[in-house]
Amino acid sequence: EKASVPSPEPTKEGHTFDGWYNKAGNSPWNFAVNEVTQNTELYAKWRINTYSVTFGTPANGTLKAELAGIAIASGKPVEYGKTVTFTAGPASGYKVDTWTITPASALQEGGTPGSTTAKVKITAATTVNVSFTLNTYSVTFGTPANGTLKAELAGSAIASGKPIEYGKTVTFTAVPEPGYKVDTWTVTPASALQEGGTPGSPTAKVKITAATTVNVGFTKEGYTVTFDAKGGTPVPAAQTVKYKEKASVPSPEPTKEG
């Protein structure tokens, strides 16, 4: 006689049931035809499911996927239970911001804000995206003696230590106190200086690509003191005297006949 088809069909997570097979012959069992003539063991034949894994092409960086160390393209079917490793590569001046993984339960490791990798276990159709954001760097500047140093970003004043996005330009303005003038600027890294920042210049434009420090020094103005001997000799040489300092008594004193 013939065996009856078991009902309901068995299920197995991540697999599709492909029917009952004869263990002895490793062949499909036809319940409508095959007769039982001896003790017989039938086994369930399973086919592992595959699911599409899609991932976007993000702005300001790249997103790559690997399965067992081999690169895969977006949309590739991947077997149930396999783990795909995603690697985010930010463009210059950018960093990883956030990951979006659907379903969220697929995330096994990484995939946190700022992380460059995410390991994802495939149990259903899966989508992975990553976003990038500009790096920010601290911009610090001192409080110089005998003057002030101010910084502006896009026309708005900023405080020392403020994080500034990569690629932005900060304008520094040095204002000496009366009797003083700008001496020298120190910009670190030196490559950040785009304009100005030379000895005596009141401004410096600095492009931010790393943590940046700006300082300026002031020096006293020099004033020229000249002497008119009114016909006497010798005529003393002119002197350059700094602000609020004293001129030197000319020597020797001039003389004049009569």
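The values are calculated or read from the model by the stated rules, or taken from the named source; none is laboratory data. In this text, all values refer to a predicted model and were calculated from it rather than measured experimentally. Using ideal geometry, Cβ is built from the backbone for each residue, glycine included, and neighbour counts are taken over all protein chains shown.
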Restricting to segment 104-145, and then to whatever is buried (at least 18 other Cβ atoms within 10 Å of the Cβ) and within 30 Å of Glu221 (Cβ to Cβ), can you tell me which residue is farthest from the chain's Cα centre (by Cα)?
Pro144
Checking the conditions here, which among Thr11, Thr57 is in a loop (DSSP other than H, G, I, E, B) and touching a Leu at 6+ places or on another chain (Cβ under 9 Å)?
Thr57
Suppose we filter Thr209, Thr198, Thr186 for residues that are of a type in the set (Val, Ile, Thr) and assigned to a strand (DSSP E or B); which single one remains?
Thr186
Look through Thr169, Thr224, Thr173, Thr148 and report the one residue that is more than 30 Å from Tyr94 (Cα to Cα) and at pLDDT 90 or above.
Thr148
Flag if Pro77 is at pLDDT 95 or above, in a loop (DSSP other than H, G, I, E, B), touching a Ser or Thr at 6+ places or on another chain (Cβ under 6 Å) and not assigned by TED's automatic domain parsing to the domain that holds Lys168:
no
Would you check if Thr148 is polar (S, T, N, Q), out of contact with any Pro (no Cβ under 7 Å at 6 or more places or on another chain) and surrounded by fewer than 14 Cβ atoms within 10 Å (Cβ to Cβ)?
yes
Pairs, first exposed (fewer than 12 other Cβ atoms within 10 Å of the Cβ) in segment 10-38, second of a type in the set (Phe, Trp, Tyr) and part of a loop (DSSP other than H, G, I, E, B), C-beta under 9 Å, six or more apart:
Glu13/Tyr80
Suppose the filter is basic (Lys, Arg), within 30 Å of Ile208 (Cα to Cα), modelled with pLDDT of 95 or more and assigned to a strand (DSSP E or B); does Lys119 pass it?
no
Tally the residues that are buried (at least 16 other Cβ atoms within 10 Å of the Cβ) and not polar (S, T, N, Q), restricting the search to segment 208-232.
6
Given the condition without any contact (Cβ under 8 Å) to a residue 24 or more places away in the chain and of a type in the set (Ser, Thr, Tyr), answer yes or no: does some residue in segment 132-143 qualify?
yes
So, in segment 85-111, exactly how many residues are of a type outside the set (Phe, Trp, Tyr) and closer than 19 Å to Asn60 by Cβ?
13
